[in-house]
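Notes to accompany the following structure.
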Protein chains: 2
Amino acid sequence: MNEIGLRRRATVHDVARAAGVSLATVDRVLNGRPGVRAATVEKVEAAIAEIGFQRDLGASLLARSRDLRLTFVIPDGSNEFMASLADAVTRRAGPALSDRVHIETLRIRALDADALAQSLDNLDPRHCDCAIIVASEEPSVQAAVDAASKRGVVVMTLVSDLPGTQRRHFIGIDNVAAGRTAASLMGRFLPQGGKVAVIAGSLHLRDHSDRLAGFKAGLAAEFPSLELIGPVEGHDERSETQAIIGGLLAQHPDLAGLYNLGAGNGGLVSALESSSRSGAIRVIAHELTEPTRRGLKSGAIDIVLDQNPDGEIREAIAAARMLALGGNSATTTDPIEIGIFLRDNLR
Amino acid sequence: MNEIGLRRRATVHDVARAAGVSLATVDRVLNGRPGVRAATVEKVEAAIAEIGFQRDLGASLLARSRDLRLTFVIPDGSNEFMASLADAVTRRAGPALSDRVHIETLRIRALDADALAQSLDNLDPRHCDCAIIVASEEPSVQAAVDAASKRGVVVMTLVSDLPGTQRRHFIGIDNVAAGRTAASLMGRFLPQGGKVAVIAGSLHLRDHSDRLAGFKAGLAAEFPSLELIGPVEGHDERSETQAIIGGLLAQHPDLAGLYNLGAGNGGLVSALESSSRSGAIRVIAHELTEPTRRGLKSGAIDIVLDQNPDGEIREAIAAARMLALGGNSATTTDPIEIGIFLRDNLR
DNA sequence: TAAGTCATGAGGCACGTACCTCATGGACGG
DNA sequence: CCGTCCATGAGGTACGTGCCTCATGACTTA
């Protein structure tokens with residue numbers, strides 16, 4: 001019943017025929033089982049390359065008769081972005097299930113390195129193929145990532161990276177570039193120069209320290225007339241951030257700009273709006289969430305730099321599927337882009 | 001061999017048991033085949049909802065023993081964005097194949113409605129499940145879309161929509177919002193007012209006419225001190241656009257802003273750079289391509305509004321898969337976002 | 001009442017891969 | 001020359017779904 005001229009896609013049978021070996025041998029090679037001479041392995045691999053065989057992912061998962069099991073580990077607490085990240089996971093879980101991808105979510109206390117390390121330690125490769133974590137850069141976490149990898153649980157980082165470990169992939173924006181972009185916008189907003197304060201969540205978070213580095217570099221290179229104040233750490237908490245902003249406003253009556261490279265934006269907006277200086281200070285924040293939307297609309301915030309949580313979750317799942325088939329995820333996943341939002345292009 | 005407490009996912013067998021019918025009946029319901037009483041259909045659907053059955057997409061495509069066949073119809077010519085769209089299709093074709101999605105690309109002459117209509121007419125539902133087209137809003141195209149739908153080829157629109165036809169889905173940005181965003185940025189760039197020229201490709205393209213509408217509305221609502229010149233149609237061609245810009249520059253020595261809502265950006269940049277007024281005029285263009293990157297870097301262009309071609313192709317494929325399973329694509333696809341690029345956040 | 005129509009059941013084969021068992025034949029050491 | 005190990009072949013079953021045929025029993029219509 002095949003249409004003429006419409007070639008069937010290659011199967012393991014075709015590989016076996018092309019390599020001049022049996023199905024069993026092809027299977028052993030494909031799934032990395034022992035008992036095949038090196039020369040034979042090469043023959044099979046050559047045949048695969050020659051006829052362009054691609055393993056059928058659906059049939060493969062079907063035959064294994066089990067889903068790909070992913071565990072997302074996401075910080076809990078008042079951080080709205082993390083909440084929207086978790087929501088995105090929930091939204092994707094349903095559709096993913098019909099692709100045989102089973103997703104679980106773990107929420108752990110924000111900025112609690114030991115809690116993160118421990119939940120990684122608890123992951124059993126028999127129940128979890130891949131863990132996707134929002135990492136913080138602390139020794140206990142790094143050790144736990146390497147240990148999990150050694151046990152056979154693939155680890156990927158999300159939003160905040162953990163270079164120098166066994167993590168197989170990072171999904172998130174280029175945070176140095178994000179910081180540079182913030183500097184570039186801030187510099188254009190303040191051609192006359194002035195004081196710019198920087199608030200971070202925690203410099204143990206790689207995304208925050210990268211943004212800071214990019215922002216500093218951007219200011220130094222292009223806008224030396226801006227004077228940087230801080231960074232101050234608000235631990236991504238609403239009330240703590242609000243207190244810090246209040247203090248900065250009181251301490252610097254001539255404050256011209258504010259860059260919050262962490263979370264806690266509810267506190268940022270509240271502090272600005274209750275200060276009578278909202279709109280007079282150029283404000284750049286991160287992540288499009290309820291408080292930053294409110295800030296954009298009221299004029300308290302000028303620009304929001306955003307990473308699309310839905311896109312990140314989608315790419316994480318896609319990367320995990322690729323890894324599960326022994327492929328290289330890096331070659332096929334799309335980079336996550338830095339979104340720039342002002343009042344007029346709110347989505 | 002199932003882990004204790006790890007429930008197996010529901011299958012058609014479970015549905016049959018739960019509904020008290022046979023496998024054959026479940027199958028008839030699932031695949032919309034006739035010969036089932038309405039009451040029985042309801043019983044089955046209730047059972048599906050109750051036990052949370054989700055069809056196994058992989059097994060389904062496997063059993064059908066054929067790939068999902070998609071045909072992308074993309075304009076040819078000097079339009080760099082369309083080229084990058086076609087590239088994105090090519091990039092996705094490989095990975096998609098391992099999900100049993102077979103992709104073909106047709107390039108047709110840009111702005112040639114009859115060529116587009118004819119390639120739609122040529123699509124045979126036995127060789128193509130779904131066509132994804134960059135539409136232009138002309139009667140012959142509209143008729144061809146409806147005819148193809150009637151023949152059994154699902155049609156989706158990409159980049160430029162075709163409302164009022166049988167097209168099942170549109171994938172692209174909200175172009176009215178894009179125009180409004182351009183207006184908002186332009187207005188902020190030119191607080192002292194002035195002349196702003198608008199260049200389009202063709203107002204038969206829905207995306208262009210939508211952008212124009214959004215831009216006009218945005219200026220009228222917020223920046224009445226800006227005087228709009230045009231639109232002039234450059235037909236998305238490099239040389240024609242270059243000539244038009246040259247003419248505008250000569251005719252309006254006091255030109256303050258330029259919004260090219262179409263393609264032909266190579267001509268835009270060339271005209272500006274050879275005019276000695278590059279950098280003195282605020283310029284907003286669309287689509288991140290080689291010429292617009294060059295323009296951003298040289299300062300000839302201030303802002304580029306972008307739709308991510310890779311993201312669009314990804315969503316198109318995802319939507320087609322959903323439609324193929326009888327689902328409603330609109331509920332599961334992510335909206336495409338308007339990217340805003342300046343020199344500093346080039347990707 | 002006989003013939004026909006219709007909803008449903010029962011069961012089987014196919015899809016491409018994973019994974020299992022068993023057979024076979026060659027190489028090698030003693 | 002015999003026993004052992006090892007690479008490989010042969011062939012089966014299973015996974016969940018699609019699609020086919022055939023049988024059966026209920027109901028309609030002439």
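Coordinate-derived values only; no laboratory data. This one's a predicted model, so the numbers in the text were calculated from it and none came from an experiment. All Cβ positions, even for glycine, are placed from backbone atoms using ideal geometry, and neighbour counts span all protein chains on display.
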Shape parameters for region A:258-304, alpha-carbon atoms, Rg then Dmax in Å: 8.9, 24
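Please state, as a whole number in µm²/s, the translational diffusion coefficient that the Stokes-Einstein equation yields for region B:12-54 at 4 °C and 1.567 mPa s, with Rh defined as the Kirkwood radius across alpha carbon pairs.
Details: Rh = 9.8 Å.
Approximately 132 µm²/s, per Stokes-Einstein.
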Order of B:HIS252, A:HIS208, B:HIS13 under a 10 Å beta carbon neighbour criterion, fewest first: B:HIS13, B:HIS252, A:HIS208
Chain B: angle of helix B:80-97 to the longest principal axis, Cα-based, in degrees nearest 10: 20
Taking only Cα atoms of chain B, radius of gyration then Dmax in Å: 24.5, 80
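Taking neighbour counts of Cβ atoms within 10 Å as a proxy for exposure, in what order, fewest first, do B:LEU203, A:LEU120, A:LEU249 appear? Please list the in-between numbers first.
Numbers: B:LEU203 13, A:LEU120 27, A:LEU249 19.
With the fewest neighbours first, B:LEU203, A:LEU120, A:LEU249 line up as B:LEU203, A:LEU249, A:LEU120.
Go ahead and run the numbers for FRET between B:HIS13 and A:ALA280, Cβ-Cβ distance against an R0 of 60 Å, rounding to 0.05.
Details: r = 67 Å, r/R0 = 1.12.
The computed FRET efficiency comes out at 0.35.
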Net charge contributed by nearby residues that have their C-beta within less than 14 Å of B:GLY20 (K/R +1, D/E -1): -1
Debye log10 I(q)/I(0) for region A:210-272, one point scatterer per Cα, at q = 0.15, 0.16, 0.17, 0.22 Å⁻¹: -0.48, -0.54, -0.61, -0.94
Longest to shortest principal axis, alpha-carbon extents of region B:102-244, angstrom: 60, 30, 27
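More than 28 Å apart: what percent of Cα pairs in region B:175-307 qualify?
Working: 383 of 8778 pairs.
Within region B:175-307, distances greater than 28 Å cover 4 percent of Cα pairs.
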Evaluated over region A:180-254, the Cα radius of gyration and Dmax, each in Å: 12.6, 34
Label-point separation in nm, A:GLN118 to A:ASP27, each point 7 Å along Cα→Cβ: 4.4
Lys/Arg +1, Asp/Glu -1 at C-beta; chain B dipole; positive extreme among B:ALA177, B:ALA49, B:LEU226: B:ALA49
Solvent-free Debye scattering, log10 I(q)/I(0), computed from the Cα coordinates of region B:127-169 at q = 0.16 Å⁻¹: -0.32
J(HN,Hα) series, region A:113-126, from Karplus relation 6.51 cos²θ - 1.76 cosθ + 1.60, nearest Hz, glycine and proline x: 4, 5, 4, 5, 4, 5, 5, 5, 4, 6, 6, 9, x, 6
Shielding by partners - mean other protein chain Cβ count within 10 Å, residues of A:59-66: 3
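Pulled fully out, how much extra length does the chain show between A:ASP87 and A:ALA250, if you take 0.36 nm times their separation in residues and subtract their Cα-Cα distance?
Numbers: separation 163, 0.36 × 163 = 58.68 nm, distance 3.70 nm.
The A:ASP87-A:ALA250 span can extend by a further 55.0 nm.
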Using a Förster distance of 45 Å, the FRET efficiency for B:ARG151-A:HIS127 (Cβ separation, nearest 0.05): 0.40
Cα long-axis angle, helix B:238-251 against chain B (0 to 90 degrees, to the nearest 10): 40
Cα-projected label distance for A:ALA63 with A:LYS216, points at 7 Å along beta-carbon direction, nm: 5.4
Cα-Cα over 24 Å, subset of A:LYS297/B:LYS195; A:LYS297/B:LYS216; A:LYS195/B:LYS195: A:LYS297/B:LYS195; A:LYS195/B:LYS195
Nearest residue to the symmetry axis between A and B, taken on chain A by its Cβ, in whole Å: A:GLY58, 1
Helix axis angle, A:206-222 relative to chain A longest principal axis, alpha carbon, degrees: 60
Estimated [θ] at 222 nm from DSSP helical runs (n ≥ 4, -39500 (n - 2.57)) normalised by residues in chain A, nearest 500: -14500 deg cm²/dmol
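Compute the Kirkwood hydrodynamic radius of region A:1-119, taking the inverse of the mean of 1/r over all pairs of distinct Cα atoms, and give it in Å to one decimal. Working shown, then result.
Numbers: mean 1/r = 0.0553 Å⁻¹.
This gives a value of 18.1 Å.
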7 Å along Cα→Cβ, label-point gaps from A:GLY152 to other copies, nm, shortest first: 4.7
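Under the Kirkwood approximation for Rh and a Cα-based Rg, what ratio Rg/Rh is obtained for the protein assembly as shown?
On the way: Rg = 27.6 Å, Rh = 27.8 Å.
Looking at the protein assembly as shown, the ratio lands at 0.99.
Viscosity 0.692 mPa s, temperature 37 °C: Stokes-Einstein D of region B:232-331 from its Kirkwood Cα radius, in µm² per second?
Details: Rh = 15.0 Å.
In µm²/s, the coefficient rounds to 220.
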Estimated dipole of region A:12-54 in Debye, rounded to 20 [Cβ of Lys and Arg +1, of Asp and Glu -1, Cα centre]: 180
Residues whose placed amide H lies under 5 Å from that of B:ASP112, excluding near-sequence neighbours: none
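Over region B:77-177, consider all pairs of different Cα atoms and compute the Kirkwood hydrodynamic radius from their mean reciprocal separation; express it in Å, one decimal.
Answer for region B:77-177: a Kirkwood hydrodynamic radius of 14.2 Å.
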Sequence-distant residues sharing a close amide H with A:VAL73 (under 5 Å, placed H): A:LEU106, A:ILE132, A:ILE133, A:VAL134
Chain B: relative contact order in percent, alpha carbon pairs under 8 Å with at least 6 residues between: 13
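Within region B:42-137, report the trypsin sites (Lys or Arg not before Pro) that DSSP leaves as loop and that have at most 14 other Cβ atoms within 10 Å.
Details: sites: B:LYS43, B:ARG55, B:ARG64, B:ARG66, B:ARG69, B:ARG91, B:ARG92, B:ARG100, B:ARG107, B:ARG109, B:ARG126; in loops: B:ARG55, B:ARG66, B:ARG100, B:ARG109, B:ARG126.
When the trypsin sites (Lys or Arg not before Pro) of region B:42-137 are filtered for loop state and at most 14 Cβ neighbours within 10 Å, B:ARG109, B:ARG126 remain.
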